[in-house]
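Heads up: the structure comes next, in structure tokens.
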Amino acid sequence: MSYTQRETPILAELCTFLVGDVYGELAARVYSVLARHGRQSLAAIARASYLNGRQIKYGLVILLQQHLIFHSGNDGPLTYYEIDWENSYGIVRFGKVTKLVEDRYGPKAANVMSNLLALGHTRIADLKEAYFPPETDSGDESDDGATNGAGSKRKRTNGAGVNGSAKTNGVANGIPSELDAAKPHTSDLVNGDGQPNGVHKPSKVDRLTHNAAPEEPGRDQGDSDMTSVDELYNLIQRLIEHGWIRTVTETQYLSPGDIHDMLYQESIEQDNHGITPTGAKDKETVNRGTLRRKRAMRDEWSSVPTFVRRGRANGSNKRIKTNGAAGGSAASSASSSDDDLVIRVNPEKIAVAMRTEQLVHLVQQRLGSVTARVYQTMLRMLESQTPRCWDEWSEPSDEPSAENGVDLRFLVTARDVATKLSRDRDLDMLEGLDPNVAVQITRKGHVSRTNVWTQPTDPSKLSLEEKTKAVDKHIQMLAEDPFHFVTWHSRAGFSQWHIEFGEIAKQMIQNEVENTVAAKKGSLGVKLIRALKKKGKLDERATCNVMMMSAPDIRGVVNDLTLQGFVQTQEIPKHDRREAKTSLHFVWYDRQRAREKLLHDTYKGMVRILQRIAYEREKVQFLLTKAERSDVVGNEEKWLSKGELDALRKWKEVQEKLLLQLFREDDLVATLRDFHGPLVSA
Amino acid sequence: MASAVASFPAPKDEPAVDADEVVSPAEALYDKCAQRPAGQIFFQRDLSNMQVAETITQLTSILQELCDRHLLKLMTLEGEPCWKLRSRSDADKLRRLTPDERLLYHHIDQVQAEGIWSKALRGRTNVTQQTLTKCLKSLESKDLVQSVMSVKFPNRKMYLLKHLKPSEDIAGGPWQSEGDFDVALIDTISGIVAQHIENETCIKVPGNWNDYEQAIAQKKAAVQGMRDMEDLAPAVKPYRPRRDPNTSRLVHRNAPQYPTAASVADWLNSKEILRGKFVREEDMEQLLEMMVLDNRLEKISGTNYRTVLTATDTKVYNGFADAPCGNCPVFDLCGDEGEISARTCVYFGQWLETESEEI
Ligand code: SF4
């Protein structure tokens, strides 16, 4: 995402914080060198830090495993490392990802996702091993590791994952050869360094990832029991098909700049006979060729491998086939090719799902919960076919493509929605509608003077036909709303609707800017922003006219919003003698600027929250260490005083509150940054 | 002063007409005209019909005299000369004007309610800027002319006669008085308009509008010959707490006639709430658009408006604005460490109810 690639110091700070929080100090120190200095070679990192070569290599391996950095490959004389801002920032979304997947595909899929998040990229075989450990382990323990509580599983999967990367380095060629030496030891690192603080690392992951709900073993157990390898494979396949997981290829290690150079070069060779383009037409050809190659490359990442079903009904069968890799033998030739496939979470998809959630929330606020349910159903139907919110590499369109051809796959009818929703018998489809609509749909009774229906009807008893009509009314409300949540497309029996995400995303951005201004400056500030958005550049008198207020009443808010960077002012002298008194004073609002400003402030707000969490933790650090001692765990009541228990409880509360706010700030970041490409400045 | 002197031949005529009580014919004519409704325009035939002057020649000289004394104003209407009366006090003031002032007055008089921009005035009269400024000031201080900021050209000062009401072009529509927005009026009218649009586009639905549980229970009770209602209750599974009939919710009306600026203007004019003021479509559009900015109305299409509804009562802004930093007065000064930082932050302390580091 080139948008995030324009990193700012504050984003660098935020990401360094996140990396440190989840992957420990060593990784964070290497990371911060790259954050501060940009693209660096191994030697340059060594010069810029006080770490020794071995430490740096360990750090880099962790970062590469998690796709927090790119590297330039083995081809050049020097390998360069560079931060992947999108993925780095993505750490803050770990908890959300699990939740989003659970809502859509159930707890088992969520469990697979959370493992993938914890492991970084993972060979399918290793993931399988984590769930169905080979027999070499002692029986009890392996069962435990495969199915139960997050804690022990994480330990196991960590080990497997890292071993995996050592084995599979041929497959994804994930790690540059200069780091080879570091690999065998990475398990120590990821698993916790062998140092005291290492033990806490997994629980730190929990902190950020598990949406502030620390442990919920009861729910996780049982529900997420993977019963067979085939079930696991089916889940993985489904998640790949729907775009939540992508397969890892070498190109994903290349930074956007390197990818561009590579494909640009390729396009020159193949589209322009190897001649560097000079004329406008040639340049155009090569640019298009480059974009086309980028898209093709990306499609390859999300192509669905064909899994061979081998009827592995039970564990023992599987083990024979896959040859118990952990036993020490190298990746066996008997294992099928998809076992060697390396997969990871697709960050672009997360933004799509977050968009769905936010749109539903918005509709709920504006039109009520039933209309929101209808919209949610529509959005989810489209979601599996929507790989990303906006396409950075789209064909430079001559005209907005929305006009002529909307892909038929992106059309939804009221009937589709009604069919899906009629499974939910508790849903009152008539709620939120004008009672007259109910009369119209059912042709029963009429609406009294007090707007009461004279023939009350149990909404769950409505026929599918009636439900469809009710859904249609909800959809019409969505269409009429100034956000234009849906757009009528055509009639094919039923009205077909589609969703113009780009337009809606712009309004969502505007909406958040207005929300922020409302919180800071009240409704007057919002009024000013809206007036300027509508009318463009205005002088004072014209501003007054649009807002129907007198000049002294708006001067204050113009000044405040200018200082806060939400509006811009400009002075145009009328005479050579640039007297302020006779100059023209204009004020205007630039959506893109306001957006960037708010995004920047939000990053900063997130950094402050993380800093506060660190501070609050520091205050109870001694107590936390004590509470985590093995003799204390489980016997807290016995070893800790009431005051200590209270302090721990308070710390938990404080942490939850802060994390919740952090995640809400992340929602705002998604709206501002991920749903729409850069806006053309007004 | 030349013309003022010239207008004094009148007393000379007086002895010609006898008797002390008898007023001069000029005075007589003026009085007769003054009896007519204010603002009336007199043509020559009207004046000769008043039978003050005996001959046309005399009438002409009387009119000349009255004009000289600024009691009458000569105008033309459709090519025909006509006259209009001035009050004695106005005439008195006019007699005391300097020639420059009178010249400017004359030009200002000609544009009537449209007003004239000071620059244009200078162009027409060729006086120096200094004179212009001085004379206009003096005319204003004598209450003969007024200046109004133009609404159309916000930087232009427009001059017109004091007793005239500035045209809408320069003074703005019904929402303005004396060039400024009449906030009280706008508040009142927008409230009335908002209510009107709400009635048109929304419907108040009581909590029990579709009280089927009740209906079923009643039916069953009737069938079973009024057996114990308590027994029946569990049979109907309420999947949601019954809505209180006393609460109600506003929802968008199904397919209403969406109001437009024209329809609301018509409605408002017919109600005659704005006494004496007529609201044009443009005026109403201005008001409605402003109410859209205020988030009281929303636009459904190019010309249709409806009420903004929210389904939830609680107002949350967003993740940033609701956090302490989102509304922090020292946000820009706050750093990673030092006196103002997350560690020492009083706002976080209050929000979380924890201690912050003492500075
Ligand atoms: S941490 Fe405290 S002082 Fe700093 S910006 Fe946030 S609220 Fe303000």
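The values are calculated or read from the model by the stated rules, or taken from the named source; none is laboratory data. All values derive from a computational prediction rather than experimental measurement. Counting neighbours? That spans all protein chains shown, and the Cβs are built from the backbone with ideal geometry, glycine included. Surface accessibility is based on the protein's heavy atoms, side chains included, excluding ligands, DNA and RNA. Shrake-Rupley method; radii C 1.70, N 1.55, O 1.52, S 1.80 Å.
Contact with the other protein chains removes 50 Å² or more of accessible area, compared with the isolated chain and a 1.4 Å probe, from these residues of region A:599-613: A:Lys604, A:Arg608, A:Arg612.
The average projected area of region A:534-579, computed from the convex hull of its Cα atoms over all directions, is 3.9 nm². Based on protein heavy atoms only, region A:521-589 ends up with 52 Å² per residue of surface accessible to a 1.4 Å probe.
At a probe radius of 1.4 Å, figure out the A/B buried accessible area, summed over both chains, and give it in Å² to the nearest 100.
Working: alone 32450 and 23830 Å², together 49880 Å².
About 6400 Å² of accessible surface is lost on pairing.
All alpha carbon pair distances within region B:240-357 were sorted into 5 Å bins beginning at 0; the resulting P(r) in whole percents reads 2, 9, 11, 12, 9, 8, 8, 9, 9, 9, 7, 4, 2, 0. Residue by residue, region A:245-262 carries 3J(HN,Hα) couplings of 10, 10, 8, 8, 10, 4, 4, 6, 8, 7, 6, x, x, 5, 4, 4, 4, 5 Hz when phi is fed to the Karplus relation 6.51 cos²θ - 1.76 cosθ + 1.60 (θ = phi - 60°); x denotes Gly or Pro. Packing order of peptides A:120-126, B:128-134, A:502-508, A:472-478, highest average first: A:120-126, A:472-478, A:502-508, B:128-134 (average count of other Cβ atoms within 10 Å over each peptide's residues).
Per residue, how much space in cubic angstrom lies within the convex hull of the C-alpha atoms of region B:27-90? Mind dumping the intermediate values first?
Details: hull volume 5.3 nm³, N = 64.
Per residue, the Cα convex hull of region B:27-90 comes to 82 Å³.
Burial of accessible area (probe 1.4 Å, heavy atoms of protein chains only) in region B:283-297, relative to its chain alone, reaches at least 50 Å² for B:Met290, B:Leu293.
Please report, as a whole percent, how much of the solvent-accessible surface of region B:27-90 comes from carbon and sulfur atoms (probe radius 1.4 Å).
Working: 1850 of 3720 Å².
Percent of accessible area from carbon and sulfur atoms in region B:27-90: 50.
Please list B:Tyr347, A:Tyr50 from largest to smallest accessible area, probe radius 1.4 Å, with all protein chains kept in place.
Values: B:Tyr347 80, A:Tyr50 215 Å².
Largest accessible area first, the list is A:Tyr50, B:Tyr347.
Show me the ranking of peptides B:256-265, B:79-88 by mean Cβ neighbours inside 10 Å, starting with the highest.
Details: B:256-265: 18.6, B:79-88: 14.5.
Top to bottom by mean Cβ count within 10 Å: B:256-265, B:79-88.
By a 1.4 Å probe calculation restricted to protein chains, B:Thr55 has an accessible surface near 70 Å², given to the nearest 10. Computed over region B:97-170, the P(r) curve from all C-alpha pair distances, binned at 5 Å from the origin, holds 3, 19, 32, 26, 15, 4, 1 percent per bin. Applying 1/(1 + (r/R0)^6) with r as the Cβ-Cβ distance of B:Ser138 and B:Arg88 and R0 = 22 angstrom yields a FRET efficiency of 0.60.
A convex hull fitted to the Cα coordinates of region A:1-113 yields 122 cubic angstrom per residue.
Think of each Lys and Arg Cβ as +1 and each Asp and Glu Cβ as -1; about the Cα centre, that makes the dipole of region A:334-485 roughly 1060 debye. Among the residues of B:338-347, the average count of other protein chain beta-carbon atoms within 10 Å of the residue beta-carbon is 3.
Comparing the chain by itself with all protein chains present, which residues of region B:181-220 are at least 40 Å² less accessible (probe 1.4 Å)? In region B:181-220, residues shielded by partner chains: B:Phe181, B:Ile203, B:Trp209, B:Asn210, B:Tyr212. Surface exposure of region B:97-170, expressed per residue as accessible area with a 1.4 Å probe, stands at 54 Å².
Averaged over its residues, how many other protein chain Cβ atoms are within 10 Å of peptide A:478-488's Cβ atoms?
2
Taking all protein chains together, A:Leu367, A:Leu26 sort by accessible area into A:Leu26, A:Leu367, largest first [probe 1.4 Å]. Applying a threshold of 27 Å to the alpha-carbon distances of A:Lys535/B:Lys137; A:Lys108/A:Lys604; A:Lys349/A:Lys597; A:Lys535/B:Lys119 flags A:Lys535/B:Lys137; A:Lys108/A:Lys604; A:Lys535/B:Lys119 as lying beyond it. The spread of Cα positions in region A:22-88, taken along each principal axis and listed from longest to shortest, comes to 32, 27, 19 Å. Under 5 Å from the amide H of A:Phe70 lie the amide H atoms of A:Glu82, A:Ile83, A:Asp84, each residue being 5 or more positions distant or on a separate chain, with H modelled from the backbone and absent for Pro and chain starts. Solvent-accessible surface of region A:594-674, averaged per residue with a 1.4 angstrom probe and all protein chains in place: 42 square angstrom.
In debye, nearest 20: dipole of region A:1-90 around its Cα centre with unit charges on the Cβ of K, R (+) and D, E (-)?
Values: 7 positive and 8 negative charges, 69 e Å.
In total the dipole reaches around 340 debye.
Averaging the Cα positions of each part gives two centres, and for region B:299-359 and region A:480-544 these lie 22 Å apart.
Please report, as a whole percent, how much of the solvent-accessible surface of region A:3-90 comes from carbon and sulfur atoms (probe radius 1.4 Å).
Working: 1710 of 3330 Å².
After summing per-atom areas, the C and S share lands at 51 percent.
Given their separation in residues at 0.36 nm each and the Cα-Cα distance between them, A:Glu644 and A:Leu584 gain 15.1 nm when the chain is fully extended.
How many percent of the accessible area of region A:461-536 is carbon or sulfur, using a 1.4 Å probe?
49
With a 10 Å cut-off around each Cβ of A:654-662, the average count of Cβ atoms from other chains is 3. Taking every Cα-Cα distance in region A:354-493 and sorting them into 10 Å bins starting at zero, the pair-distance distribution P(r) comes out as 10, 37, 33, 13, 5, 1 percent.
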